[in-house]
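Step one of this worksheet: look at the structure below.
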Amino acid sequence: MPKKQKLFILLILICISFLTYYFTPKIFYIGGGSCYQGITAAIIHLFLIICTILNVTAILLLSISTKIPKIINAVATVIWSIGTLVHSMQETLKDFLIVASYFLPFLAMSLFIFFTIKKLRTSNFNNANEFAE
């Protein structure tokens, strides 16, 4: 993968992570009643940071291999997908739309990275077969 393409993907990932972190819907800050207000948002932020670190690591490791970054990115995608699934089971359609619009940009970026790595792995495998013949 060209260096400029890696940097562009990293820049988009960091921007989406920043926006997801700082524009958390109010529904996550008031959820859980008076005793647990803000805990949902804190947990979501923790998982966002973990998933962002995993995705950045996967992109940076692409120069070494494609197998390990694919696994790392898959773990990040599964973690964020589970969070999306758990929080999308809201009672009202309005809450569901708020949650979906919050979680989907980062999930889409994780899936984009996953398919980019998969495409690189396939193209590297095809290039290796051409050299072997």
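Of note:
- Enumeration of residues in region 13-63 that are in contact with a helix residue (DSSP H, G or I) (Cβ under 7 Å, 6 or more places away or on another chain) and aromatic (Phe, Trp, Tyr): 21, 28, 29, 47
- When region 85-107 is filtered for residues that are closer than 18 Å to residue 16 by Cβ and either polar (S, T, N, Q) or open to solvent by 80 Å² or more (accessible area, probe 1.4 Å) (or both), the ones remaining, listed by number, are 101, 104.
- Checked against the criterion of being surrounded by 13 or more Cβ atoms within 10 Å (Cβ to Cβ), of a type in the set (Gly, Ala, Ser) and farther than 20 Å from residue 115 by Cα, region 49-71 contains not a single residue that satisfies it.
- Checklist (1) surrounded by fewer than 16 Cβ atoms within 10 Å (Cβ to Cβ); (2) outside any helix (DSSP H, G or I) applied to residue 46, failing item: (2)
- Residue match in region 58-77 (condition: more than 18 Å from residue 109 (Cα to Cα), without any contact (Cβ under 8 Å) to a residue 12 or more places away in the chain and either in contact with a Gly (Cβ under 8 Å, 6 or more places away or on another chain) or outside any helix (DSSP H, G or I) (or both)): yes
- Conditions (1) open to solvent by 90 Å² or more (accessible area, probe 1.4 Å); (2) farther than 21 Å from residue 123 by Cβ; (3) of a type outside the set (A, V, I, L, M, F, W, C); (4) assigned to a helix (DSSP H, G or I): number failed by residue 37: (4)
- Taken as a whole, the condition of being within 27 Å of residue 122 (Cβ to Cβ), in a helix (DSSP H, G or I), open to solvent by 20 Å² or more (accessible area, probe 1.4 Å) and not basic (Lys, Arg) applies to residue 81.
- Within region 89-100, the set of residues being touching a residue at least 12 places away in the same chain (Cβ under 8 Å) and either closer than 27 Å to residue 59 by Cβ or of a type in the set (A, V, I, L, M) (or both) comprises 98, 99, 100.
- Scanning region 1-34 for residues that are in a helix (DSSP H, G or I), without any contact (Cβ under 8 Å) to a residue 12 or more places away in the chain and among the polar types (S, T, N, Q) yields one hit, 5.
The values are calculated or read from the model by the stated rules, or taken from the named source; none is laboratory data. Fair warning: this is a prediction, and the values are worked out from it, not measured in the lab. Because the Cβ atoms are built from the backbone with ideal geometry, glycine has one as well, and the counts that use them run over all protein chains shown. Accessible surface is based on the protein model in full, side chains and every heavy atom, while ligands, DNA and RNA are left aside. Shrake-Rupley method; radii C 1.70, N 1.55, O 1.52, S 1.80 Å.
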